[in-house]
Structures are given as C-alpha cells and as structure tokens.
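Everything below concerns the one structure shown next.
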Amino acid sequence: MRRQHSGEASPTAGRYPVDPVELDLRTRALEALLIERGLLGADTVATVVSVYEDDIGPLLGARVVARAWTDAAFKQRLLTDAPSACWELGIGGQQSQHLVAVENTEWVHNVIVCTLCSCYPWPVLGVPPTFYKSPAYRSRIVREPRKVLHDDFGLVLAHDVEVRVHDMSGETRYFVLPRRPPGTDHLDEEQLRELVTRDSMIGVAVPVAGDTRGG
Amino acid sequence: MAADAGFDNVLPEAVRPPRRNGELIFEAPWQSTVFGMVVALNQSGHLDWASFGERSAAPLPDRVAGATVDVGEVTARYAAWLDAVEAELVASGVVTVDDLHDVALRQRRHDRHGRV
C-alpha cells in the first residue's frame, strides 16, 4: 500500500481504490482504533445511529409544540409560518420550507396522511412509523377517519368534534399541533416536551398529562 | 440524550447524509458506522462540521482518477465521509497516517484468519 507523504490532498487519497470491500474494512479498522484511543465507547456508534433513526425527529417537534403551548405569540407565528417559527428554535432550515402546522382545538381534530406515497414532515417528526406508510392507513384514514382512529388507535373523539384529514399535496408537509392536555398548568416547557408524542403530531393520538414519551 | 447535531444545515448539500422521505439511507453496515462515528466525534468536540464539510465536498483527484468501481450515490457519499473523517483526525493529530495504515492491515489479517 502506498503512503501519502506530501501534498494538499487527504492523506488517505490514493491509498485505496473506491471499492466497497475496502471501505468496509477501513471503517471497522477506524472504529476499532477510536475505541482503543478512548474517543468512542463500544456502543457509541450504535447509540448515535439509533437516536437518529428513531428519536431525533419527534424530539424536535416536541420542542416546537411545547413552545407553542407556553408562548401564544410563538404559536401564532407557527400557525402562520411554520418554517420560520421552527427555525427560531434552530429546527428545520432548507428542508422544511413547506411545513404547515395544523392546530387541534376543542372543535377540530386534525390527522395527517400522504395518500399517494408516504410523504412525511420529517424535519420535525423524524422517521415515519410503519403504520403511516401502510396502504391500509393511507386509504382508510381518508375514507373513515373516525373509525380508524377509534379501532386502530383507541382514540375516541366526541361527535361534535370535526375530524380533518390533511393529505400531503405537492410539497406541503403538514404536522399536527396537538392540544395541551388538561392538568398541566404547573408544568414548565421542558416538562411539557416530555408529553408530546410522535403519534400526537400525526394526529392518531393525543398527549396525556402524566404520560411521558419515555414510557 | 443527544441533541440534533444539525449537520443538515451546516454541510453542503452534496455531502449531506442521503435520505429518502427523511429517513437516513444506509446500503451497508459500514455506512451507518461511518455516520455514527462522525456524528459522535462532532458531539464530543473532535470534529468540526464546517471543516469536515469542506473536506468531504472537495474532490480528491487521486481517488477520482483511480475510481474504477461504480459504487452508487450512497456508497460514494459515505466513502467521501470516510475519507474526510480520516483526514480530519490526521489533521487534528488524533491519529497518524501510519496508525490508519496499521489498523487497516491488522483488520485485514483479522478478517483473513476468520475465513477458514
């Protein structure tokens, strides 16, 4: 193997061809080295990947929701211009230009879907859950939303509550701003974040006081 | 719990982690390992996104000239990440070029022994 002793280019440039087998080998070697040198724990990589695949998104959305619950002016900005409001919290950026927040109220319950494929407001929700991508959910939630919410998700809504189904059209990415649950007046913003679930921002669940995401 | 590293907003578009409908795409285990290592190193203060972004976006003449295998976009993206993280670690003095060479050799020997 040639060694690179000089030049501006990466010191590893030219040492290997771009061959996936070599890339796999170098990666494992580097991870082993960094673990030996104490820069990584044995589980660090797996943990980071898992966090990004499962947790990061909903955590961001939860921050947005909790802020909206505690700051009326922010909530208005969120409903008027979600990308800008999210960006105030450092969330989103270029990938979230088409986010739209839809607010649950005493009289309106919102739920989101993409009937054509499975577009998803991932800058604030992360990875779409399996049910969201299923053809069954995508077709049934628009036809009989109240029944699907009740039968599949155990969510019972009063008869006088209007259920609005928002289908991702074009580039718009809806997400639900759920209602702040009763009995949470004493909680601060950080505590409120814990109550916001991914499913409540899809609209198939509602946040409940005393129920944290960790559970 | 780790906060979002924010790389999507700092890295040039050409080198951001590939996504499909927002989901990170890994076509092989080594790619998720590269991703995890880079994010972990950033979170522990050993890697700066701006510098890493520049390195991973800069074409490497040697590698481009020598690249004969059509590996696809996702593999190419993470190959660039791997090159860049190695270069960052060497530049910051965390590892040396010899270290990288030696551990790769060791890994190769280890892999060969595993094959009976």
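Per residue, the average separation of C-alpha pairs within less than 8 Å and at least 6 apart gives chain A a relative contact order of 21 percent.
Within 10 Å of the Cβ of each residue in A:28-41, the mean number of Cβ atoms contributed by other protein chains is 6.
Could you tell me the total accessible area buried at the B-A interface, probe 1.4 Å, in square angstrom to the nearest hundred?
Accessible area lost upon association: around 4900 Å².
Among the chymotrypsin sites (Phe, Trp or Tyr not before Pro) within the range A:32-85, not one is in coil by DSSP while having at most 16 neighbouring Cβ atoms inside 10 Å. The longest stretch of chain A left intact once loop-based GluC sites (Glu not before Pro) with at most 12 other Cβ atoms within 10 Å are removed from consideration, loops following DSSP, is A:9-105.
Nearest 0.05, what FRET efficiency do residue B:28 and residue A:73 give at R0 = 41 Å with Cβ-Cβ as r?
My answer for the efficiency is 0.30.
Carbon-plus-sulfur accessible fraction, chain A (probe radius 1.4 Å, protein heavy atoms only): 50%. In this structure, the amide hydrogen of residue A:100, modeled 1.01 Å from its nitrogen in the peptide plane, lies closer than 5 angstrom to those of A:173, A:174, A:175, counting only residues at least 5 positions away or on a different chain. Peptide B:80-87 shows a mean partner chain C-beta count of 5 within 10 Å per residue C-beta.
The values are calculated or read from the model by the stated rules, or taken from the named source; none is laboratory data. Only a predicted model underlies this, so the values are computations on that prediction, with no experimental measurement involved. Here Cβ is always computed from backbone atoms with ideal geometry, including for glycine, and neighbour counts include all displayed protein chains. Note: accessible area is taken over every heavy atom of the protein model, side chains too, but ligands, DNA and RNA are not part of it. Shrake-Rupley method; radii C 1.70, N 1.55, O 1.52, S 1.80 Å.
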